[in-house]
1. Mind ordering 370-379, 325-334, 587-596 by average Cβ neighbours within 10 Å, highest first?
2. Positive end of the charge dipole of segment 588-698 (Lys, Arg +1 and Asp, Glu -1 on Cβ, about the Cα centre): tell me which of N597, V639, A676 has its Cα farthest that way.
3. How many percent of all Cα-Cα pairs in segment 384-458 sit more than 15 Å apart?
4. When the dipole is taken about the Cα centre of segment 588-698, and only Lys, Arg (+1) and Asp, Glu (-1) are charged at their Cβ, what size is it in debye, to the nearest 20?
5. Order the peptides 290-297, 356-363 from the highest to the lowest mean number of other Cβ atoms within 10 Å of their residues.
6. Under the Kirkwood approximation for Rh and a Cα-based Rg, what ratio Rg/Rh is obtained for segment 229-273?
7. Hey, could you get me the Stokes-Einstein D for segment 588-698, Kirkwood radius over alpha-carbon pairs, 25 °C and 0.890 mPa s, rounded to whole µm² s⁻¹?
8. List every residue whose amide H lies under 5 Å from the amide H of L238, counting only residues 5 or more places away in sequence or on a different chain, with H placed 1.01 Å from N in the peptide plane.
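The values are calculated or read from the model by the stated rules, or taken from the named source; none is laboratory data. Please read these numbers as outputs of a predicted model, since none were measured by experiment. Note that we place each Cβ from the backbone using ideal geometry, even for glycine, and neighbour counts take in every protein chain shown. With ligands, DNA and RNA removed, areas are computed over all heavy atoms of the protein, side chains included. Shrake-Rupley method; radii C 1.70, N 1.55, O 1.52, S 1.80 Å.
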Amino acid sequence: GCFVFKPSAKKRKLSERTAHGFGGENNEDAELRFVTCQSLWNQVKLETEKVQENLNKQLLDNLMNFLSRSHSEFQEKTTQWTCRMKFREIPTAALVLGVNVPDHDLTFRSLSDFLQNNITPYIALLEAKDCPGIKNLMQKLMGQLMSCYIDVDSLEDEDYMQVSQKKIRCSMSSLVKWYESVAKKTDSETPSKKRASSSRHWQSPPVVVILKDMESFTTEVLQDFIVISSQHIHEFPLVLIFGIATSPMIIHRLLPHSVSSLLCIELFQSLSCKEHLSTIIDKLLLTAQFPFKLGEKVLQVLINIFLYHDFSVQNFIKGFQLCIVEHFFSQPLSVLCCQLVDLEKRVNSLSHNQCENIRRLPSFRSYVEKQESEKQVALLTTDNFLKEETQKLLEELHVYHENYVSILRCLHVFTSSLPKYPLGKQIRELHCACLENQVWKTEEYESSLQLARMLNKSDLVTMLQQYVEILLLSSGKEFDKTVEKLKEFLTQFQNLEEAFQEQDVSVSSQKELQKKTDLYHLQKTLLELKDSRRSKKLTKFEMLRFEVVDFIDSLVRKYLIPADHKTLHEIVYFNIATVLRGHLNAAPRTAVHAALNNPHWYLKNQALKCDGGSISNKAPDICIVYKLHLECGRLINLVDWLEAFSTVVMAAEEPNADTASLDQVDDIIHARFIRAVSELELLGFIKPSKQKTDHVARLTWGGC
């Protein structure tokens with residue numbers, strides 16, 4: 001069934017507010033906010049492109065080595081190539097990209113650009129939807145290689161295509177002749193031209209055919225293409241690249257052994273989409289480079305869509321960019337969401353209305369309540385004093401971000417060294433936990449501390465060394481004393497002479513924890529160790545270990561304070577999850593109801609607007625039928641429904657018409673009614689009833 005729900009009044013007000021243009025009702029500094037938003041958008045775009053280029057670099061290099069080996073064998077006519085020719089094997093790269101299909105287009109675009117810039121100009125990208133048969137495939141292939149447009153519908157004979165006022169047969173033989181003519185033309189070029197082209201492309205460059213979605217190709221098309229290609233593999237260097245979303249085994253499921261044996265397959269695995277997402281989050285969110293930040297609720301929405309819907313990193317980035325636009329659109333003070341270099345100038349240019357907007361922020365009101373009475377009066381009445389305080393608070397917020405990221409990375413190292421992961425294994429999970437609430441008050445954090453108090457010496461030393469490396473690379477200036485303290489711990493561990501028995505106890509406890517995975521045995525072991533410590537005196541190593549864990553705990557409590565506890569966090573943090581969910585999660589039921597109930601919104605025709613519960617006879621037929629069906633019960637009598645429809649439609653007709661014309665009009669109205677009811681059935685609002693043949697059953701209830 002299809003169920004319709006009414007939106008809340010809050011959402012309706014929001015949609016009315018967004019109709020006022022960029023900046024909403026308050027258009028003050030709208031242009032500056034738009035420029036800032038656009039600049040930040042471009043920075044994010046450049047950074048993500050750079051990240052994706054780095055992530056794909058290894059894959060592209062491996063593919064280049066594969067093509068280089070295949071091509072060198074063809075040029076030198078080596079024994080291996082001769083042997084391959086006997087078996088008619090085609091060099092084939094099986095590129096496993098994963099199930100995140102929306103990201104595949106970008107990967108193939110990068111691959112195509114890389115090959116065209118460095119290896120060969122002869123590249124064809126084929127999709128299953130364009131190749132229902134072998135003739136279509138050959139037309140697409142030759143069309144892309146010869147850089148000409150093919151209109152299949154205009155062809156008199158599908159076996160031929162028009163190229164430079166000549167008809168060329170769409171076959172592998174024609175492709176071979178074309179390649180030989182192009183190769184001869186290249187060889188006959190002047191040395192200077194030849195050097196210029198060879199600096200980019202290889203001599204006698206290979207023809208690379210990329211099947212973007214191999215699983216979607218029909219078995220017959222693949223078989224025919226591979227068999228035909230294998231018969232001409234000794235005449236020109238052909239290389240196939242299969243884009244695979246599932247598993248390499250799909251090749252053997254789609255192709256029989258007689259065909260798959262014609263392929264010399266090498267497997268290539270792209271980076272996991274989860275690892276890709278972690279890198280993107282690390283570069284976009286866990287950095288002080290961008291002043292804009294995502295709140296916990298919004299970040300959780302984006303991650304949930306990624307994990308439970310499409311695994312698409314591109315859609316995650318689009319969601320992040322959408323958050324940027326929505327934040328600068330809806331937050332009048334987002335003009336202050338900028339780099340520190342521009343902050344002073346922008347704060348000083350704030351108007352009185354914007355100062356009042358700052359005073360209305362919940363976090364600022366809480367801040368004012370904690371100040372002395374004189375300062376409270378100054379903050380609430382003097383704009384200049386407010387501007388000075390605002391600049392100071394935003395600078396502190398920037399420092400908080402720098403310190404937060406560094407200590408979060410340290411906490412990730414800390415949790416990664418444990419035998420269990422109560423707080424999660426990925427840094428994004430830790431980030432969400434820290435944004436949500438005070439992480440040190442959670443049971444998972446307490447469990448992590450208990451596990452850390454049982455780590456052996458080598459694990460602790462490795463962890464402290466990583467801490468020092470992270471904090472030395474940090475841009476935060478508050479970590480000099482922290483680094484000194486960590487180095488002091490490392491020195492104490494080096495000078496520590498601990499009894500072997502006590503070390504063995506600690507190591508055995510660690511191994512025992514690693515072996516037992518269920519919660520019951522873990523709790524039992526922890527309680528036993530706790531009781532044993534009460535009964536015996538702690539060693540120097542155990543005392544030092546407790547001291548290290550307590551020091552790490554103090555860093556977490558000091559620097560990983562949730563962002564919503566910081567003053568003026570609303571200026572740089574976007575945390576309106578309902579708005580984002582409304583944009584990203586489609587609500588087709590609501591949209592369909594709005595279109596059928598209020599067609600003037602979509603058609604922009606005020607003549608269709610109705611007051612109250614009336615129905616306009618000028619509205620589209622499906623809108624009239626839909627409104628009438630809302631007045632009916634579970635079963636709708638088609639005869640009554642037709643009469644009501646006819647009454648509404650004929651409301652503006654002249655009563656003095658002759659009988660013949662009336663009969664003709666009735667037939668037209670009857671036909672219009674049948675079409676409208678069929679459309680309503682297609683949309684899922686009604687269905688035929690088995691109880692009564694002249695009735696239909698209603699499937700939706702309530703308004704929207």
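1. Details: 370-379: 12.2, 325-334: 21.8, 587-596: 16.5.
Ranking, from highest mean packing down: 325-334, 587-596, 370-379.
2. It is N597, whose Cα lies furthest towards the positive end.
3. Value for segment 384-458: 62 percent of Cα pairs lie more than 15 Å apart.
4. Using only the charged Cβ atoms, the result is roughly 820 debye.
5. Numbers: 290-297: 21.4, 356-363: 16.0.
Result, highest mean Cβ count within 10 Å first: 290-297, 356-363.
6. Values: Rg = 12.6 Å, Rh = 12.4 Å.
Ratio value, two decimals: 1.01.
7. 164 µm²/s
8. Hits under the 5 Å cutoff: V207.
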